[in-house]
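Please read the structure below before turning to the comments.
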Amino acid sequence: MKRAWMLGAALLAMAPATRARETDFTTFRVLAPPLALELAQAALKSCQDRGFQVAVAVVDRFGVAQVVLRDALAGPHTPDTATAKARTAVSFRAATEELSAATQAGQINSAIRHIPGYVFLGGGVPVEGGGSILGGIGVSGAPGGAEDDACARAGLQAVEDRLMM
């Protein structure tokens, strides 16, 4: 038993010492929950002011939901759709309004519309600050993608000064 312990100690002593390098890790920023909530509330209010009953979702930079708000009369599909739009915007680093046109039937990228959990309709916008993606916002329930997009952008505008670093 003592011999095995001594052999193990000798092997450890001979192993080269390794240290973590700065390049071994990635540092990034994500939206804090209070800011994500404020963003969602501002987008929801923008849609309410226009007479639309919607759901709003804010996801982190990995597409994981941080906040989901649903207006009382928004359709039952809207929370999932808003989350999928926000996830799509983050994943593809583009507004879903732009992706909608680029992925129509007959377009070279049309097949990506079949990826489960992603929605290529207007209303999803990346949340950017300091030159990086911080998350995404998605809106669903207004009468069309352009209106969903406008509400998402109004939410972004409401917190814009806090996103710049």
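Quick notes
- Test: residue in the range 69-87 that is under 15 Å from the mean Cα position of the chain (by Cα), of a type in the set (S, T, N, Q), outside any strand (DSSP E or B) and crowded, with 17+ Cβ neighbours inside 10 Å: yes
- All of Q107, Q157 fail the test of being over 27 Å from D71 (Cα atoms) and either in contact with a helix residue (DSSP H, G or I) (Cβ under 7 Å, 6 or more places away or on another chain) or not small (G, A, S) (or both), apart from Q107.
- The range 66-88: number of residues that are hydrophobic (A, V, I, L, M, F, W, C) and closer than 9 Å to G141 by Cα: 2
- Pairs, first touching a residue at least 24 places away in the same chain (Cβ under 8 Å) and within 12 Å of V54 (Cα to Cα) in the range 133-158, second of a type in the set (K, R) and surrounded by fewer than 19 Cβ atoms within 10 Å (Cβ to Cβ), C-beta under 8 Å, six or more apart: A142/R50; E147/R50; C151/R50
- Any hit, the range 37-50, residues being assigned to a loop (DSSP other than H, G, I, E, B), modelled with pLDDT of 95 or more and not aromatic (F, W, Y): yes
- Of all residues in the range 127-155, those that are outside any strand (DSSP E or B) and either of a type outside the set (A, V, I, L, M) or buried (at least 18 other Cβ atoms within 10 Å of the Cβ) (or both) total 16.
- A count restricted to the range 51-68 and to residues that are in a strand (DSSP E or B) and either in contact (Cβ under 8 Å) with a residue 40 or more places away in the chain or within 13 Å of G155 (Cβ to Cβ) (or both) stands at 8.
- Sole exception among (1) among the acidic types (D, E); (2) in contact with a Cys (Cβ under 8 Å, 6 or more places away or on another chain); (3) modelled with pLDDT under 95 for D161, by number: (2)
- Flag for F28 being buried (at least 18 other Cβ atoms within 10 Å of the Cβ) and part of a loop (DSSP other than H, G, I, E, B): no
Residues are listed down the side, and each one gets a yes or a no for (1) aliphatic (A, V, I, L, M); (2) under 21 Å from Q66 (Cβ atoms):
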| residue | (1), (2) |
| --- | --- |
| H114 | no, no |
| G117 | no, yes |
| F120 | no, no |
| E128 | no, yes |
| I133 | yes, yes |
| S140 | no, yes |
| P143 | no, no |
| R153 | no, yes |
| R162 | no, yes |
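- Residue in the range 97-114 that is within 12 Å of G138 (Cα to Cα) and either touching a residue at least 12 places away in the same chain (Cβ under 8 Å) or in contact with a strand residue (DSSP E or B) (Cβ under 9 Å, 6 or more places away or on another chain) (or both) present: yes
The values are calculated or read from the model by the stated rules, or taken from the named source; none is laboratory data. Predicted, not measured: the structure shown is a model, and the values here were computed from it. All Cβ positions, glycine included, derive from the backbone under ideal geometry; neighbour counts span all protein chains shown.
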